[in-house]
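Right, one structure below, let's go through it.
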Amino acid sequence: MSRLDDVDLTLHLSKKEYKKQLAVAQERLVHLRLLLGGQIGPKELGPPLCVVFEGWDASGKGGAIQRLVSELDPRHVRVAQYAAPTYGDKRHHFLWRFWPKLPGWGGMAVLDRSWYGRVLVERIEGFAPEEAWQRAYAEIVDFETTLAAEGTILLKFWMHVSSEEQLRRFEKRRDDPYKAWKLTDEDWRNREKRGAYEEAVEDMLQRTDHAGGPWHVVAGDDKRWARVDVVRAVGRAMEQALEERGIDPDPPLTGS
């Protein structure tokens, strides 16, 4: 069994349970984010928080990110989206363009796509030679380990959907004039190479999962389940990181 095969894609939430559980998870996230940012409690800056999203096309990354940040003050979170590197980007090491968006102490950044393009699309489409993308696994782990050693809380999500659910979403987007812009010819071409991408994803999960940057594979066939799972996972990681640093995640707030 592969890591992707182990994911239970039948997990789901009713609309009622979704609203209830999401509200609870978001309320907790707001509390922890304010604590991390030094706005409540002892008012000391907590560690940087970086949340990375990867996943299949139409896997629900955007919807999950929206629910993750919607209740946060926009001054307290940065969302960055990455597409193909520009000509200028290619003049530097592939990790170079990501550094400016990384959060500092007390900060939070959410990355829609990331440095993992090196071992996914660049690998499959031949944009990087094999020697380069093979080397990238160790480079990425070293990079993330450095961030973790400096205190960064790093969460990495792979949004996983079945081929059948992806096709259903593609067709729905195609037929909706307000969503058709989200669907490109490249999306269809990538879908035709799903087998090759699955192999690349499995290699990525196996070779870049480490203590400083573990992967969380999200069952995404049900968008409601996936969104709650993401918000909860971020909250749990924040709580764990604070406790490991001797910081009370629920300090007295009176008079703070």
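The values are calculated or read from the model by the stated rules, or taken from the named source; none is laboratory data. Not measured: the values here are computed from a predicted model. Reconstructed Cβ throughout: ideal geometry from the backbone, glycine too, with neighbour counts over all protein chains shown. Note: accessible area is taken over every heavy atom of the protein model, side chains too, but ligands, DNA and RNA are not part of it. Shrake-Rupley method; radii C 1.70, N 1.55, O 1.52, S 1.80 Å.
For the reader, a short list of remarks on this structure follows.
- Ranked order, Trp225, Trp133, Trp158, Trp96 - accessible area, probe 1.4 Å, largest first: Trp96, Trp225, Trp133, Trp158
- Within the same chain, lysines fewer than 8 places from Lys90 are excluded, and of the rest, those with a Cα less than 29 Å from its Cα are Lys61, Lys101, Lys156, Lys182, Lys193.
- Estimated FRET transfer efficiency (Arg3, Asp175; beta-carbon r; R0 35 Å; 0.05): 0.60
- Residues Glu17, Glu192, Glu150, sorted by accessible area with the largest first, give Glu192, Glu150, Glu17 [1.4 Å probe; ligands and nucleic acids excluded].
- Cut-off under 5 Å, modelled amide H: who pairs with Val77 long-range: none
- Dipole moment magnitude, nearest 20 debye, the chain about Cα centre, only Lys, Arg, Asp, Glu C-beta charged: 1000 debye
- Rounded if a/c under 1.5, otherwise prolate or oblate - the stretch 35-76, Cα gyration tensor axes: prolate
- Segment Glu71..Lys20, full-extension length gain: 16.9 nm, with 0.36 nm per residue of separation and the alpha-carbon distance subtracted.
- The chain shape via C-alpha gyration tensor axes, a/c threshold 1.5: oblate
- Between Lys156 and Val52, His216, the built amide H atoms are under 5 Å apart, and every one of these is 5 or more places off in sequence or on another chain.
- Applying both filters, DSSP loop and at most 16 other Cβ atoms within 10 Å, to the trypsin sites (Lys or Arg not before Pro) of the stretch 192-256 gives Lys193, Arg245.
- Shape of the stretch 64-150, Cα gyration tensor, a/c cut at 1.5: prolate
- Probe 1.4 Å - accessible area at Leu183, Å² to nearest ten: 30 Å²
- The residue among Leu242, Ile40, Val201 whose Cα reaches farthest toward the positive pole of the charge dipole of the chain, with charges on the beta-carbon of Lys, Arg, Asp and Glu, is Ile40.
- Residue list for the stretch 225-239, given a label point 7 angstrom along the Cα-to-Cβ vector of Ser162 and an amide N cut-off under 16 Å: 225-226
- Reachable lysines, given that their alpha-carbon falls under 17 Å from the alpha-carbon of Lys16 and they are not under 8 places away in the same chain: Lys223
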